[in-house]
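Worksheet: one structure, shown below.
Each reported figure results from applying straightforward, stated rules to the coordinates on display, with no laboratory input. Small disclaimer: the values here were computed from a predicted structure and weren't measured. We place every Cβ from the backbone using ideal geometry, glycine too, and count neighbours over all the protein chains shown.
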Amino acid sequence: MGDVRPRVVARLGSAVLCCALVLSGCASEVPPGDFVAFGAPARAATPGVAAVVRVPGGPAAPATASTSTASGGLPVPGATSAAATVATPGMAAGASPVGSITQLHHGSCAGFRNTDGITDTTIPIGNIADLSGPVPGLFSSAQQATMAYAAYFNATSTICGRTLKVTGYDSQTSAIGDQQAATSACNDTFAVVGSVSAFDNGGASTVADCGIPDLRTISTTPERVASPVSFGTDAVDPTLVSTAQWRFIKSATGDAYQHTAVIYLDAGAAVPNADAYHATLDALGFNIVYVQPIDVTAFNYAPYAAKLKSLGVTFVQFEGAAPYAVRLKQAMQVQGVNPVFVMDSVAYDPAFVASGGTVLNGMYSYVDTSLFEDASSSPAVQLYTQWLHRVAPAARPSFFGMFAWGAMQLFTSLAVQLGGKLDRSALLAAIRATHGFTADGLFAPQDVGGKVTSGCQAVIQLENGQWVRRSARPYVCADVFDSNR
């Protein structure tokens, strides 16, 4: 098959995933030099025995990684920590993880200056999200979570006597909208926190030029990742893709991988994401027989389903917003086509499940967060959900909401610790020094400052309208693939 990848550059880091305990049948075909972070691909594990991966010069960590870390607090430039360094897949060698917000000490407020919109009573924060456009409310959950955390923080704490004031901006699911929102935020707020936009390349140079700290839910385009002031709590490097979700599903679904299709929306971040997924699947030995972009204006998906049937496709990786996935699955059902169907973490959304009904049953997804289904054992999920419903009673907690909540937690934690030293420059330095951040276990360890894709994720499958964990608790981990090679 000819190479149809015009741009092997990225992926929307909604999720990247994990290696299972049953890797005995999925040895990698990828050359060791194409893997990063650990210097070699994860070894196939003996059934029932956790594989071990190693950071060069560092300690070993089991492939089934815990979200808890040993660090005694968030790092501030110039400070040192005696905490042990945990070998976290996707975290740069030698980087120290950060711990719970409850372990922080408050920095001295002496010398605090009101800069960049800060007043004696408030610190203005901006949040930019796609609220309108082809998929209305696409990332509204991130803005809701940002405001929910601000309400929680203001009810319990201050930053040197100042509360948070959040202004929400609509990036309109467009590069122009993102640029316009970034311009407003640069002028009117101290920092931008919890943002997520499908066309976030629009404001990438704007935030860099004005020097505003841009602590995002996730950066969806290579341009935003490259911005020196932009960091995501879902700390995705668009050129690095976790292999483990596909290793796991490949081993769990027999020979389905031998007839694989990559289908994606021909717009925004979906295009480079699909390119990177294509490269990774190809490197892992998937036999890709069909690659198809779909215009966002297309309504009739029957021809695509018919093509899948004629080619005998048994494995589909779909990249795009949830409503389009439902449309494709419905067309496949009419054609009598039922391959293994996989989507990234965009699928982990109750609205998506409700919209698709039984047609979605059996599909796989993957997330690097705690599961809402396990909320009874996760205080972090409970806290996020409780405050979300106080601010927006009808809102549904989401994958993106968890990372937006985490972005606000990290921002406030660093600001409190900096105290009187807080300004844009000091905050950016503190963000760059943050590694292994989990938001008290809300998600897998993230190398926020290093912008290194996490290799720890949970593989889930939809069963009778409910997501069921298929991989080991809480996460399974593997190395990441450089899709630019």
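For the range 216-316, what class follows from the C-alpha gyration tensor (a ≥ b ≥ c being the square roots of its eigenvalues): rounded when a/c is under 1.5, otherwise prolate if a/b is larger than b/c, else oblate? Oblate, since a/c reaches 1.5 and b/c is not below a/b.
Peptides 113-119, 144-150: what's the order by average Cβ count within 10 Å, highest mean first? Please report the intermediate quantities before stating the final value.
Numbers: 113-119: 14.7, 144-150: 28.0.
The most tightly packed comes first, giving 144-150, 113-119.
When each of Trp387, Trp246 is scored by the number of other beta-carbon atoms lying within 10 Å, the sequence from fewest to most is Trp387, Trp246.
The Cα center of the range 180-240 and the Cα center of the range 442-466 differ in position by 21 Å.
Taking the number of Cβ atoms within 10 Å of each Cβ as an exposure proxy, the fewest-first ranking of Arg432, Arg224 is Arg432, Arg224. Between Asp423 and Asn361, the contour length at 0.36 nm per residue exceeds the alpha carbon distance by 17.4 nm.
As a proxy for reagent exposure, ranking Cys456, Cys160 by other Cβ atoms within 10 Å from fewest up yields Cys160, Cys456. Here Lys451 is the anchor, and the lysines within straight C-alpha reach of less than 27 Å, apart from those fewer than 8 places off in the same chain, are Lys421. Annotation: aspartates and glutamates with alpha-carbon distance below 18 angstrom to Lys165 (same-chain offsets under eight excluded): Asp116, Asp120, Asp188, Asp214, Asp423. The charge dipole of the range 127-213, taken about the Cα centre with unit charges on the Cβ atoms of Lys, Arg (+1) and Asp, Glu (-1), comes to about 320 debye, rounded to the nearest 20.
Mind checking the full-extension length gain between His106 and Asp295? Use 0.36 nm per residue of separation minus the Cα-Cα distance, one decimal, nm.
62.9 nm
Bridgeable lysines around Lys307 (alpha carbons under 17 Å apart, same-chain partners fewer than 8 residues away excluded): Lys329. Full extension of the segment from Gln382 to Val334, taken as 0.36 nm per residue of separation minus the current Cα-Cα distance, would add 13.3 nm.
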